[in-house]
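Here is the structure we will look at.
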Amino acid sequence: MSDSSTPARPPQTGQDEQRSVVKAAGTIGVATFSSRVLGFIRDMVLAGLFGATPAADAFFVAYRIPNLLRELFAEGSMSSAFIPVFTEYQTLKSKQDAWELASAVFTTLLTIVTGITLLGILAAPGLVWLLAPGFHDQPAKLAMTTLLTRLMFPYLIFISLAALAMGILNSLRAFAAPAFSPVFFNVFIIGCAVWLSPNLPEPILGVAVGVVAGGAAQFAMQLPGLQRRGMLFGLTFDFRHPGVRRIGRLMVPSLLGLSVTQINITVSTILASFFSGGPTYLFYGMRLIQFPLGIFGVALATAILPTLSAQAARGSLHELRTTLGFGWRMILFIILPAMIGLMLLRVPIVHLFFEHGTFTSHDTAETALAVLCYAVGLWAFAGVRIIVAAFYSLQDTTTPAVSAAVAVASNLVFSLALMSTLGAPGLALATALAAVVNGSILVVVLNRRLGGVAWGSVGRSAARVLVACLPLVLACTWVANAQVWTQPAEWAAKSVMLFVALGLSISGYFGVHALLRSEELEVVWGMIRKKLGRFAGRSEVR
């Protein structure tokens, strides 16, 4: 590594930074869309092969354990604590200093997650006993869940290292490779489910193998990008590196702060084990919610964090307030119509994509109800990502942790109150309400911390979005009430109807925004025109 200093980038204007955020979010969104489509295909394959059977319940409970730890140690607290510190090293120090920090964090993280994985494999029976109390009177189901947990625990190692690689690349404003890496995760699961599972005495074990192999592929595909940028980390046993210690201090409270959604979903999984098919209904319901959340909400939060961190490092709180307000407007611009569309088209979507093989009409009804309940909080799930990114850019991880603790307690109270009347979908509603509580607390605190955000422009943006949603409501209601959904088979007609609903909804929504001269639409359309212009220029050169 060269120890030459990296010259600081000239400060960008507010519009430049907004365009930079939208461009990065667009790159991440396209990549995430590809991953989500494959994830959707993956879920269709799993639903067709395993339905809501005991094997499926065992898998989804077992997968919840390493997935929660992934959120805690990888994509949640570690990434959010790492990016602001690494960005500060990139901005204020040399490239050599940044590489040494990355290597020290890599070695520390690898040591910690390897130890956790070994402990998790040994403690799997106890973990499953705690997380699946509803399986206690079903020894075979309990034993299968334990075996699946042990098989999938190494996934934590690979996905944690993949998250570190993603944090480094995102800090360097390289978003494509990290965003496309989950595509390989889904490819491996689909491949193992289709070709490996039929050759095993317990087919669900093949899916567990696919999870681990997919995690390894997700990490490996980011290594070339690190190599090209001179940031391919090595083993550096410097556990007392100042940057590592700062990241550790930021991580401790953020273990709860950013991961509140995953913790609440885990609580729901525990309680759902008392309902036959409950873990499966909640998994597929959340998968549909994560489709727009991952493509737009998480993509925007991922893209905005390096910008917020750089503004915080420069002490430019005015710019930070402007960027935060812009992020909220873009969230509302995309997430509110997605939320309304999911609510109205929940039954057609679940029926068309999942009701095949062993997945029954009863499973469709229960999953659709879970989608409805989760969708109530979709705006909060996405908005919290943006607000928490602002806190972490200011290197404040304590406030999100305190708010998250309140949200977790709220989720437990809501869950116990709603599960007796709504069953497993009541747990989804509890998770959504807890997200609203969490978001409300964070908004109030951050507003005081920053001396206000441009809430007037956010409110006007929300009003435009609601007006633009009127054609969407009409189109989705018309399609959802069509007689074709009561007919057996007719899959071609049903597919046409659903895509007609989507086409009319999107056209009507953007059409109203165009009439209203929406600033959000102008920003997005400007970026699209710029991309098309570059593409046309390349074509003419050829």
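General remarks:
- Heavy-atom SASA rank of LYS141, LYS95 (probe 1.4 Å, accessible area, largest first): LYS95, LYS141
- Largest to smallest in accessible area, the residues TRP485, TRP195, TRP491 fall in the order TRP195, TRP491, TRP485 (1.4 Å probe, all protein chains included).
- Per residue, the accessible area of region 150-277 comes to 38 Å² when a 1.4 Å probe rolls over the protein heavy atoms.
- Percent accessible area from carbon and sulfur atoms, region 132-235, protein chains only, probe 1.4 Å: 71
The values are calculated or read from the model by the stated rules, or taken from the named source; none is laboratory data. Remember, predicted model here, so these are calculated numbers, not experimental data. Surface accessibility is based on the protein's heavy atoms, side chains included, excluding ligands, DNA and RNA. Shrake-Rupley method; radii C 1.70, N 1.55, O 1.52, S 1.80 Å.
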